[in-house]
Each structure stands twice: as structure tokens, then as C-alpha cells.
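I have placed the structure first, in the form of C-alpha cells, so that the comments after it can refer back to it.
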Amino acid sequence: METVYIAGGCLWGVQAFIKTLPGVISTEAGRANGSSATLQGEYDGYAECVKTVFDPSVSSVRELMAHLFEIIDPYSVNRQGEDIGEKYRTGLYSGNPEHLKAAEAFITERDDHARIAVEVLPLKNYVRSAAEHQDRLDRCPGDYCHIPEVLLNRYK
């Protein structure tokens, strides 16, 4: 199994979507690449993300990137849907250089690569979100989500 951290705006919808994808073994809502080792103040530069454990014999970083691009506006900086702020930036983070190469290749091979605002960076740190954020849309299906319901249910 391999692990990447995927940021696509509000983590509630991103987690609900990612956990339905082929090859995804588990997900966990959290925050990545902040300016401190723990959450302090208003997120300290963290991006809301989903820790994604996947089976590389079933899926790949390139496929996960393609799915991420289904649910985000890849040109938007620090905003997805009605959610605005640095914590809603988009990206893929990993401690595995091969994951980063695959994600960067996915972006650079696109005709619109110069306009894309999706980060691809080494994972600096990660903090698990509180229990109320884990699988939030399963427990509270009426909560706001920037991802259209048709996409949330595409792979169920």
C-alpha cells in the first residue's frame, strides 16, 4: 500500500469522493504542509487534505490526480466553490519522490498546464482532523459541499 495526501478544497467532500475510488483502501481527513508541527491558531498555513492509502496494483498517482481534477477548479488559487482561503488550496503531497514525479507529469502533459494552480510538493507535516470532520458527509449528508452530488456518487 502507498499513501498520498490530496487537497481539493473542503475536506468533507474530498474524503467522501476519494474513498469511493477504485484501489483506495482508506482515507482520513486532515491538514498538511502547515508552518508548525501541530495545529495552532487559524490553521497556520495548513491545507485541508485527505490522507489516502491506495493499492498501487489497482490505482496510481496519475489516476488519483485525474480524479482530483474531476472535483476541483484547477485554475483557482485558495478557493473551491464557496470556500475561500489558503486552507482550501489544492494539491498532492507525498514523502515519495516517485509520487511527486507522477503528479507533476500529469499536470505538465496537459495543454493547460501553465494555468494550473495545483500544488505538488513534498509532505512537510500532517495533522489528523478532529473526529467531527472524519467521514462528515456520511454522518451529515445535508452539509455544504462544493462537489456536486452526481460526482460524489459517481464511483459508488
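The values are calculated or read from the model by the stated rules, or taken from the named source; none is laboratory data. These numbers were taken from a predicted model, which means no experiment stands behind them. Counting neighbours? That spans all protein chains shown, and the Cβs are built from the backbone with ideal geometry, glycine included. For the accessible areas, the whole protein counts, side chains as well, though only heavy atoms, and no ligand, DNA or RNA atoms are used. Shrake-Rupley method; radii C 1.70, N 1.55, O 1.52, S 1.80 Å.
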_Residues of the range 100-142 satisfying the condition of being at pLDDT 95 or above, farther than 20 Å from Thr3 by Cβ and among the charged types (D, E, K, R)_ = Glu109, Arg110, Asp111, Asp112, Arg115
*Within the range 81-116, considering residues that are assigned to a loop (DSSP other than H, G, I, E, B) and in contact with a Lys or Arg (Cβ under 8 Å, 6 or more places away or on another chain), the one nearest to Arg31 (Cα to Cα)*: Gly85
*Those residues of the range 126-156 which are under 16 Å from Glu82 (Cβ atoms), part of a helix (DSSP H, G or I) and open to solvent by 70 Å² or more (accessible area, probe 1.4 Å), in sequence order*: Glu149
*Looking at (1) open to solvent by 20 Å² or more (accessible area, probe 1.4 Å); (2) β-branched (Val, Ile, Thr); (3) within 18 Å of Leu152 (Cα to Cα); (4) in a strand (DSSP E or B), which is the only condition Val53 fails?*
(3)
*Does Phe69 satisfy being of a type outside the set (A, V, I, L, M), part of a helix (DSSP H, G or I), open to solvent by 20 Å² or more (accessible area, probe 1.4 Å) and in contact with a Lys or Arg (Cβ under 8 Å, 6 or more places away or on another chain)?*
no
*Can you tell me which of Ile107, Ile6 is open to solvent by 10 Å² or more (accessible area, probe 1.4 Å) and either at positive phi or in contact with a strand residue (DSSP E or B) (Cβ under 8 Å, 6 or more places away or on another chain) (or both)?*
Ile107
*asked:* Need pairs with beta-carbon distance below 7 Å; first residue within 29 Å of Glu70 (Cα to Cα) and modelled with pLDDT under 95 and within the range 21-41, second part of a loop (DSSP other than H, G, I, E, B) and open to solvent by 80 Å² or more (accessible area, probe 1.4 Å); sequence gap 6+ or separate chains.
replied: Asn33/Lys124
